[in-house]
Amino acid sequence: MKKARLWKVLALLFLAISIAFSGCTQTEKPTETAATTPTTQPPEKVEYKIKMTTGSPTGTYYIALTSIASVVSKYNPDIYATAIPGGGSAANARGVGSGEVPISLSTSMVAYFAYTGTGTFEGEKYPKLRAMAPAHPLIVSFIVKADSDMKTIYDLKGKRVAIGEAGSGDAVAAEVVLKEAGIWDDIIKVNVGFSPVVRLLSRTCRSCIDNGGAVY
C-alpha cells in the first residue's frame with residue numbers, strides 16, 4: 001500500500017512539473033546550481049530514499065528533477081529524494097530500464113528506442129520502461145550567425161558539430177535528423193553541452209547550434 005502511494009505521489013508531481021514546463025519559454029539564462037540537491041541530510045526516520053539521475057548541472061533535466069526532489073522531500077515525511085547529475089536521456093532510460101534508478105526523465109524518442117531496442121538502442125532493449133507523464137516538447141533547431149554562409153542543413157558537411165553531451169536527448173535527436181539528411185558521416189561530431197556551446201559560438205566566425213550544439 002505504501003509503495004503504491006509513493007508512485008502516486010511521484011506521478012502527480014511529474015504531472016505538475018510538466019504542466020509548468022509546457023508554459024515556459026527559454027528567454028532566461030539557466031541558473032548555475034550545485035552538484036546535488038537537496039544539500040541537507042535526510043531525516044533519521046524516512047522509509048524511502050530516492051536518487052534520480054538527470055543531465056548536466058546547467059541543463060533542464062537537472063533543474064526539473066531538483067524541483068521535484070525538493071517538493072517530494074518537503075511534503076512527504078516518508079520520502080527523501082535527491083537529484084544528481086547524469087548523462088541525460090539515453091543514460092536515464094538505460095538506468096531506469098536496468099533498475100539502477102527508480103525514476104528519471106528522458107525524451108520520448110529516446111525512451112521509445114530504449115523500450116523497443118531500436119535506433120540508438122539497437123540490440124539493447126528495456127521492455128520494463130514505462131512513461132508516467134509528459135514534460136515539454138523537444139524542438140530541434142539549427143541556428144547560425146547572421147554572417148554565416150551556411151544556409152541549409154547540407155552546408156554542415158565538413159564542419160565541426162557540437163551535438164550535445166554524449167547520451168543526451170540532444171545528441172540522439174541530432175543523430176536522427178542528420179542521418180535522415182544523409183550527412184551524419186560527413187560532419188565532425190563534438191560532444192559538449194550548453195555552457196561550452198555558448199563559448200564556442202562566441203569565439204567562432206561561422207557557427208551553428210543544434211538544440212544546444214555548435215558548428216564551426
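List of remarks:
- Per-peptide average of other Cβ atoms within 10 Å, ordering 70-76, 167-173 highest first: 167-173, 70-76
- In terms of packing, defined here as the mean over residues of other Cβ atoms within 10 angstrom, the peptides 103-109, 184-190 line up highest first as 103-109, 184-190.
- Scalar couplings 3J(HN,Hα) for the range 111-123, obtained by applying the Karplus form with A = 6.51, B = -1.76, C = 1.60 to θ = phi - 60°, are 4, 5, 4, 5, 5, 9, x, 10, x, 6, 10, 4, x Hz; x denotes Gly and Pro.
- Out-of-range pairs (alpha-carbon distance over 28 Å; input K125/K157; K51/K189; K49/K189; K125/K179): K125/K157; K51/K189; K49/K189
- Peptides 152-162, 52-62 ordered by average Cβ neighbours within 10 Å, highest first: 52-62, 152-162
- Relative to its residue count, the range 58-145 spans a Cα convex hull of 124 Å³ per residue.
- Charged neighbours of G55, selected by a Cβ distance under 10 Å, balance to -2 (K, R count +1; D, E count -1).
- Annotation: extensible slack from A181 through A133 equals 14.2 nm (criterion: 0.36 nm per residue apart, minus Cα-Cα distance).
None of the figures in this text is laboratory data; all of them are computed from the coordinates on show. Every value quoted in this text rests on a predicted model; they were computed, and no experiment measured them. Counting neighbours? That spans all protein chains shown, and the Cβs are built from the backbone with ideal geometry, glycine included.
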